[in-house]
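Heads up, the thing below is written out as structure tokens.
Read the figures in this text as sums done on the coordinates, not as results from a lab. Model, not experiment: these values are computed from the prediction. Note: ideal-geometry Cβ built from the backbone for every residue, glycine included; neighbour counts use all protein chains shown.
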Amino acid sequence: MATGAFPCFLLSLTLVSIQSQSSTQDAFMIQYLQRRLVQIEERMNQCEQNTMTVTQKTYDLSSAVRGYVSSLNVLKSEVRNQVDTVSMRVDRIERELEYLENKIPILSDIEMEEALLEEQIKAAELDQLKKKAKIKINRDCNTALSQIKSVKIVKKAGDAHGSWFKDPSEGSEKVYFLSGIRNNTVLEYMSLQSFIEGTPMRPAKVLQLPFHWQGNGHVVYNKFLYYHKANTPNQILKVDLLNGTVVDSTLIPGAGRHPVYDLNPNTYLDFAVDELGLWVIHVDTAYEENLVITKLDKATLSVDYTWDTRCRSRDAEGAFLICGTLYVVYNTRYGGRSTVQCLYDIHDTIHSEESPVMFFPKRYTSHSSIHYHPGDKELYAWDDGYQTIYKVETSTIVTE
């Protein structure tokens, strides 16, 4: 019994061992398959992401291509329109050339037109000579500057640069005050005394101009202000001070390319009034930057005549006219004693080389504007922010 039971026991152990080995192998295979499945899933996810990336790039490229195609279509349309426009212009030019060919005059007509033009030029030159002679014949005005006698400091007001003066018209006592090199506000005083007092009880009349001025060369003449319009090279305006409106304007030929005075670089046109009327002093580079004086008709602003002088612009700070004679004031760049060193007489009776240098009374500063009053025989000057008056002495020119 015992002998038969032992073999059965051994058989049972063998079967258990075989079953245990089989179970271990199955578990290993299952784990292996699971790892492979995980790897396959990861690769499939990566493949899917790559596919999405390629799809997005393809879409972006397609959008860019569509944009380029659209731009090319627009460019094509523009080119077509330009070609059509050029074609139309060529057709129009051909028609105009054909018209001009039919209108070209014969040589004899051209010669006749040239002769007519020469006659017109001679007539214009003769008219200018008549105007010049008319001014020269006026020898009722035979006054010349002989001395600058005294100086009176009236007031200190406004900016370092400006201009002030009286209306030189007969019977006018009004004083005008224009501060700065670019502004549009004019102060009007009833008299010199009211300007000196300048109290709130006697305030100035404030006049607003329609356009800003440039520089310090303006004047008031017979209730009209004449000044250089700002931001223009050589346009002058005539403004009615009663209503502040522009009544006339004109351009000064050749002016505006260079400051009229080397020491006042902001003034390109300087107006002056003397016994003969209204003048404008300027520089024309055609005359080597020497001063030029132009006589204006105060009513129409038309040019009566122009004289090129031998007075240089270099080191000049101002100028004024007395009876048709230009007196140029010179100074140093750092301020000093002003002197009259050059003059030009349109009547050719006074010569600069025969006239002595005239000194201003001792004030070692500089002038931004100097205006002569023919009635008072005085110079109204803006002297480094001070409003000053110089009394002048004149003499009579003896002519044969």
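Which residue fluctuates the most in the chain, going by a Gaussian network model with Cα springs under 10 Å, if the choices are N266, N331, N50?
N50
Rounded to the nearest 0.05, what FRET efficiency do T53 and F211 give with R0 = 56 Å and r taken as the Cβ-Cβ distance? Could you check?
0.25
How would you rank H258, H351, going from fewest to most other Cβ atoms within 10 Å of each one's own Cβ? List each step's numbers first, then the result.
Values: H258 15, H351 11.
Exposure proxy ranking, most exposed first: H351, H258.
Arranged by the count of other C-beta atoms within 10 angstrom, fewest first, what order do S369, S87 take? Display every interim value, and only then the final one.
Details: S369 26, S87 10.
So the residues, fewest neighbours to most, are S87, S369.
Per-residue ellipticity at 222 nm for the chain, helices alone: DSSP H runs ≥ 4 residues times -39500 (n - 2.57), over residue total, nearest 500 deg cm²/dmol?
It comes out at -13000 deg cm²/dmol, rounded to the nearest 500.
Could you size up the charge dipole of the stretch 138-396 around its Cα centre, putting +1 on the beta carbon of Lys and Arg and -1 on that of Asp and Glu, and report it in debye to the nearest 20?
Values: 25 positive and 30 negative charges, 174 e Å.
Its charge dipole is roughly 840 debye.
How large are Rg and Dmax for the stretch 138-396 when only the alpha carbon atoms are used, in Å?
Rg and Dmax of the stretch 138-396, Cα atoms, are 16.8, 52 Å.
Given the options L237, V74, L61, identify the residue whose Cα lies farthest towards the positive end of the charge dipole of the chain (+1 on Cβ of Lys, Arg; -1 on Cβ of Asp, Glu).
Toward the positive end, the furthest listed residue is L61.
Put +1 on the Cβ of every Lys and Arg and -1 on every Asp and Glu Cβ in the chain; which of M52, L301, H371 then has its Cα farthest towards the positive end of the dipole?
Most positive-ward Cα: M52.
Could you please rank K152, K229, placing first whichever residue has the fewest other Cβ atoms within 10 Å of its Cβ?
In increasing order of surrounding Cβ atoms, one gets K152, K229.
Place a label point 7 angstrom from the Cα of N183 along the Cα-to-Cβ direction, then list the residues of the stretch 151-170 whose backbone nitrogen is under 11 Å away.
Residues 157-164 fall inside that zone.
List, in order, the whole-Hz ³J(HN,Hα) value for each residue of the stretch 240-250 obtained from phi through the Karplus relation with A = 6.51, B = -1.76, C = 1.60 and θ = phi - 60°; use x for Gly and Pro.
6, 6, 6, 10, x, 10, 7, 9, 6, 7, 7
Report, to the nearest 10°, how far helix 2-103 tilts away from the longest principal axis of the Cα atoms in the chain, using its own Cα long axis and a range of 0 to 90°.
Roughly 30 degrees, rounded to the nearest 10.
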